[in-house]
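Report on one structure; see the data block that follows.
The values are calculated or read from the model by the stated rules, or taken from the named source; none is laboratory data. Given the structure is predicted, the values throughout are model-derived calculations rather than measurements. Because the Cβ atoms are built from the backbone with ideal geometry, glycine has one as well, and the counts that use them run over all protein chains shown. For accessibility, only protein heavy atoms count, side chains too; no ligands or nucleic acids. Shrake-Rupley method; radii C 1.70, N 1.55, O 1.52, S 1.80 Å.
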Amino acid sequence: MTADSCLLCRGAAADDELERIEVWQDAHWRLTVSLSSEIAGFAYLEPKRHIRYLHELGGDEALSFGSVLARCMQALKDAAGAELVYLYVFGDGIPHLHVHLAPHRAGDALNEQMIRGEIVEEKLPNGMTRFFSDTFPALPRGDLEATADRVRSLLIGG
Ligand SMILES: [Zn+2]
């Protein structure tokens with residue numbers, strides 16, 4: 001997909017089609033709020049420039065991302081009377097970066113599930129709760145350590 005054929009590059013012109021309304025923008029970013037959602041204030045933060053994925057973020061968008069994100073999340077939290085705002089980035093739908101922001105209140109439609117299958121909760125001795133899927137058990141610890149080693153090497157060498 002190129003910028004010419006990208007729905008999100010059309011900006012406000014595509015908002016009706018996507019059932020959302022623009023609530024803020026600056027030179028690099030725009031924030032829209034969904035008009036078709038289980039969640040009040042469910043929003044999308046997107047760069048105006050055609051940047052596909054978060055790992056490709058660069059330039060002024062990369063420099064401003066943190067402060068823009070925090071400002072938008074604070075406004076969504078306050079406007080929706082939420083306790084906090086969940087953030088989701090997937091990227092395998094429309095290949096133009098869109099950060100999903102979901103104000104969350106206790107008992108609403110959102111949960112903490114990130115994996116498929118029946119979720120099993122395990123209380124740990126330290127008081128934390130571990131969530132895992134009965135369909136996808138944890139991978140062998142050695143495999144996970146090897147991946148961690150590769151990430152460390154890519155980031156700091158070694
Ligand atoms: Zn685009």
Seminar exercise, completed: Within region 101-134, the count of residues that are open to solvent by less than 80 Å² (accessible area, probe 1.4 Å) and over 30 Å from VAL68 (Cβ atoms) comes to 9
Exercise. Do you know which of the residues in region 21-40 that are charged (D, E, K, R) and under 17 Å from MET73 (Cα atoms) is surrounded by the most Cβ atoms within 10 Å (Cβ to Cβ)?
Worked result: ARG30
Problem set entry | Enumeration of residues in region 1-20 that are outside any helix (DSSP H, G or I), under 16 Å from PRO95 (Cα atoms) and open to solvent by less than 60 Å² (accessible area, probe 1.4 Å) | CYS6, LEU7, LEU18
Exercise. Would a scan of region 80-91 turn up a residue that is out of contact with any helix residue (DSSP H, G or I) (no Cβ under 9 Å at 6 or more places or on another chain), within 16 Å of TRP29 (Cβ to Cβ) and more than 12 Å from the ligand (Cβ to nearest atom)?
Worked result: no
For this session: Within region 51-74, identify whether any single residue is away from the ligand (no atom under 16 Å from the Cβ) and touching a Gly at 6+ places or on another chain (Cβ under 7 Å), and answer yes or no.
Result: no
For this session: Within region 4-21, count every residue that is touching a strand residue (DSSP E or B) at 6+ places or on another chain (Cβ under 7 Å) and either near the ligand (Cβ under 9 Å from one of its atoms) or under 15 Å from ALA43 (Cβ atoms) (or both).
Result: 6
For this session: Could you tell me whether ASP78 is assigned to a helix (DSSP H, G or I) and touching a His at 6+ places or on another chain (Cβ under 7 Å)?
Result: no
Seminar exercise, completed: When (1) within 16 Å of the ligand (Cβ to nearest atom); (2) in contact (Cβ under 8 Å) with a residue 60 or more places away in the chain; (3) within 19 Å of MET73 (Cβ to Cβ) are applied to PRO95, the one that fails is (3)
